[in-house]
1. From the residues in the stretch B:50-77 that are more than 9 Å from chain A (Cβ to nearest Cβ), β-branched (Val, Ile, Thr) and touching a helix residue (DSSP H, G or I) at 6+ places or on another chain (Cβ under 9 Å), which one is farthest from residue B:25 (Cα to Cα)?
2. Go through the residues of the stretch B:36-43 one by one and say whether even a single one is among the β-branched types (Val, Ile, Thr), under 19 Å from residue A:220 (Cβ atoms) and out of contact with any strand residue (DSSP E or B) (no Cβ under 8 Å at 6 or more places or on another chain).
3. Cβ-Cβ distance below 8 Å, separation of 6 or more or different chains: which pairs start in the stretch A:76-87 with a residue that is small (Gly, Ala, Ser) and end on one that is not in a helix (DSSP H, G or I)?
4. Name, by its number, the condition in (1) surrounded by 13 or more Cβ atoms within 10 Å (Cβ to Cβ); (2) closer than 21 Å to residue A:148 by Cα that does not hold for residue B:9.
5. Based on what the data block shows, is residue A:86 at pLDDT 90 or above and either touching a Phe, Trp or Tyr at 6+ places or on another chain (Cβ under 9 Å) or surrounded by fewer than 19 Cβ atoms within 10 Å (Cβ to Cβ) (or both)?
6. With free of Cβ contacts under 8 Å to residues at least 12 places away in the same chain and either surrounded by 13 or more Cβ atoms within 10 Å (Cβ to Cβ) or not hydrophobic (A, V, I, L, M, F, W, C) (or both) as the only criterion, which of A:91, A:175, A:169, A:150 stands out?
7. Residue A:67 - would you say it is more than 30 Å from residue A:164 (Cα to Cα), surrounded by fewer than 18 Cβ atoms within 10 Å (Cβ to Cβ) and not aromatic (Phe, Trp, Tyr)?
Amino acid sequence: MTIQSDVYTIILETILMGIAIIALSKKFDKADPMAKPKGILTPVLWAVETVHKTCRDNVGEKTAEKLTPYVLVLWAYIFISNIISLFGLSSPTSNLSVTLLLAFLTWLMIQVVELKYQGIGGYLHGFLEPIPVMLPMNIFGKFSTMVSMSLRLFGNILCGGIMMQLIYSFCQWISTSLVSLITGGVSGTVFNFIAPLVAPLLHAYFDLFAGFIQTLVFVTLTIVLIGNDIPDEAKEA
Amino acid sequence: MDITRGLIAIGAGLAVCAGMMTGLGEGTCAAHACDAIGRNPEAESKIRSTMILGIALSETVAIYGLLVSILLMFVFQ
């Protein structure tokens, strides 16, 4: 049995993020709440405020207090996972276990919110709406959120990685043929000199742009789907 | 050469056809977003984020096709 290279990246990223979060919270504990924030604290505070504002607009004041930490960690984890392939590591989100777990957590939250605001009776009755014949459809529909959210992130990041590998091997082929054309048929490994010219722009698209958009979509969907199940009068309170 | 490999390649190509209409849908989405921005330019940031969300959601179908094709290519060799 071989261990996939994603597994090492998952462990590495989790440890690094844990250390960073603990160090940041130590720093926040020491900082003076009345003084102007300085250094690394400024962007972190900005991120917390932005996420908290988005959560408050969608799920209301009370739930936002509990949802904001989860959404922030989700943002950081998915975004770092998506752009970690810039450093030559394989991204954790190109492993279905990771994205399925993240989508499962979101799905679990949606179910908890539904149970809280509809009650067990209302939750179970939701399976029989609009007509009882729809029961199997509704059961599949409940799980489809989890499947589609996880597969969207997984598919995008995996396909980006595979495209980059294809482009690298294509550039390798071009450089080998060019060198053998010039030198007159000398075989052997040639330095892949086409790739540094072509790859940066594609890395910017597949890793940075697609990674950012997919993070945004995952996080926005999490907030919006949880907000959908909260009635408006509970949001106001 | 085994005929199975050729059939797998055809199947992988057919699976990617799931993305055929996705391009049309995404183009329609962007066109309507342009219309909306032309009608009220002050709502541009809101329209942009909604458009990106809609495009990403409709892209899912294409991603499913791509996944099936990748599974066919790398799992059933």
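The values are calculated or read from the model by the stated rules, or taken from the named source; none is laboratory data. Bear in mind that the values here come from a model prediction, so they are computed numbers and not experimental data. Counting neighbours? That spans all protein chains shown, and the Cβs are built from the backbone with ideal geometry, glycine included.
1. Only one residue tops the list, namely B:68.
2. No: the stretch B:36-43 contains no residue that is among the β-branched types (Val, Ile, Thr), under 19 Å from residue A:220 (Cβ atoms) and out of contact with any strand residue (DSSP E or B) (no Cβ under 8 Å at 6 or more places or on another chain).
3. Pairs found: A:81/A:91; A:85/A:91.
4. Going through the list (1) surrounded by 13 or more Cβ atoms within 10 Å (Cβ to Cβ); (2) closer than 21 Å to residue A:148 by Cα, residue B:9 breaks only (2).
5. Considered against the rule, which asks whether it is at pLDDT 90 or above and either touching a Phe, Trp or Tyr at 6+ places or on another chain (Cβ under 9 Å) or surrounded by fewer than 19 Cβ atoms within 10 Å (Cβ to Cβ) (or both), residue A:86 comes out as no.
6. Of A:91, A:175, A:169, A:150, the one residue that is free of Cβ contacts under 8 Å to residues at least 12 places away in the same chain and either surrounded by 13 or more Cβ atoms within 10 Å (Cβ to Cβ) or not hydrophobic (A, V, I, L, M, F, W, C) (or both) is A:169.
7. Working: more than 30 Å from residue A:164 (Cα to Cα): yes; surrounded by fewer than 18 Cβ atoms within 10 Å (Cβ to Cβ): no; not aromatic (Phe, Trp, Tyr): yes.
So residue A:67 does not fit the description; no.
Residue-by-condition table, conditions (1) within 14 Å of another protein chain (Cβ to nearest Cβ); (2) surrounded by fewer than 14 Cβ atoms within 10 Å (Cβ to Cβ); (3) in contact with a strand residue (DSSP E or B) (Cβ under 6 Å, 6 or more places away or on another chain):
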site	(1), (2), (3)
A:181	no, yes, no
A:184	no, yes, no
A:191	no, yes, no
A:198	no, no, no
A:203	no, no, no
A:207	no, no, no
A:210	yes, no, no
A:215	yes, no, no
A:220	yes, no, no
